[in-house]
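Have a look at the structure below before the remarks.
The values are calculated or read from the model by the stated rules, or taken from the named source; none is laboratory data. Since the structure is predicted, the reported quantities are computational estimates derived from the model, not experimental observations. Methodologically, a virtual Cβ is constructed for each residue, glycine included, from the backbone with ideal geometry; neighbour enumeration extends over all protein chains shown. SASA here: full protein model, heavy atoms, side chains in, ligands and nucleic acids out. Shrake-Rupley method; radii C 1.70, N 1.55, O 1.52, S 1.80 Å.
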Amino acid sequence: MQLTSFTDFGLRALIYLASLPAGQMTNITQVTDTYGVSRNHMVKIINQLSRLGYVAAVRGKNGGIRLGKPAAEIIVGQVVRQMEPLQLVNCDVCAITPACRLRQALNAATEQFLRELDNYTLADLVKDNHPLYKILMLEPGMPTLTGY
C-alpha cells in the first residue's frame, strides 16, 4: 500500500508541528523548506489539516500554524482515513466483479493496515526523538528531510 503524497506530507507536516516546543507557532514556508515540497502543495495540505482540526492557523502579524490539538490525541490511523482515498482498485469497470473476491481481500488488508496505524499517536512518533528534533530545527550542518 502506498499513501498519496498529499497524505504523506500531511503526516510529515504534523510531525514537524508536534516536534516544536509546546505552543510555538511556525509558518508554511518553514515546513516547505524543511521537506522540499512546493508551497502551493503544502498550503492545500495545511488547509485540509486545519479543516479536520489537526492544525490551528492564526492570521495576522503574530500568526502562523501549530497543532490544533495535543499530539497525544492525534491518532495516525484516523489522519490517514481522513486524508487518503483508500480505494485500492476500481471494481466498477471490471468484468469479473460479480464473482471476484479480490475487493474483499483488499478491504480486509486495508483495515488491518489502518488498525495498526491506530496504535500510534503523533506523540508516539516524536516523543524523545532527539535525532528528529536536531534535523527539524535545522542546526548548522544538518540536512533537510528532502530525501526522506
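Structural remarks
- Phi-based couplings in Hz for the range 75-89 (Karplus 6.51, -1.76, 1.60; Gly and Pro marked x): 8, 4, x, 5, 4, 4, 4, 7, 10, 9, x, 6, 9, 6, 9
- Taken about its Cα centre, the chain carries a charge dipole of about 440 debye when Lys and Arg each add +1 at the Cβ and Asp and Glu each add -1 at the Cβ.
- Between helix 39-51 and the chain: long-axis angle, C-alpha atoms, 0 to 90°, nearest 10: 80 degrees
- Between Ile96 and Asp124, the C-beta separation translates, for a Förster distance of 30 Å, into a calculated FRET efficiency of about 0.15.
- Amide H contacts of Ala56: Arg66, Leu67, Gly68, each under 5 Å away and 5 or more positions distant or on a separate chain (H built 1.01 Å from N in the peptide plane; Pro and chain starts excluded).
- For the chain, the solvent-accessible area works out to 62 Å² per residue, with a probe of 1.4 Å and every protein chain left in place.
- Tally of Lys pairs whose C-alpha atoms are under 23 Å apart, taken over the chain, 8 or more apart or cross-chain: 4
- Residue (of Leu67, Asn107, Pro85) at the positive-pole extreme of the range 55-116, dipole from beta-carbon charges: Leu67
- With Cα atoms, 0 to 90° folded angle of helix 102-117 axis to the chain main axis: 30 degrees
- Based on the Kirkwood approach, the hydrodynamic radius assigned to the chain is 16.8 Å, with every pair of different Cα atoms included.
- Here r is the Cβ-Cβ distance between Glu111 and Thr29 and R0 is 35 Å; the resulting FRET efficiency, rounded to 0.05, is 0.40.
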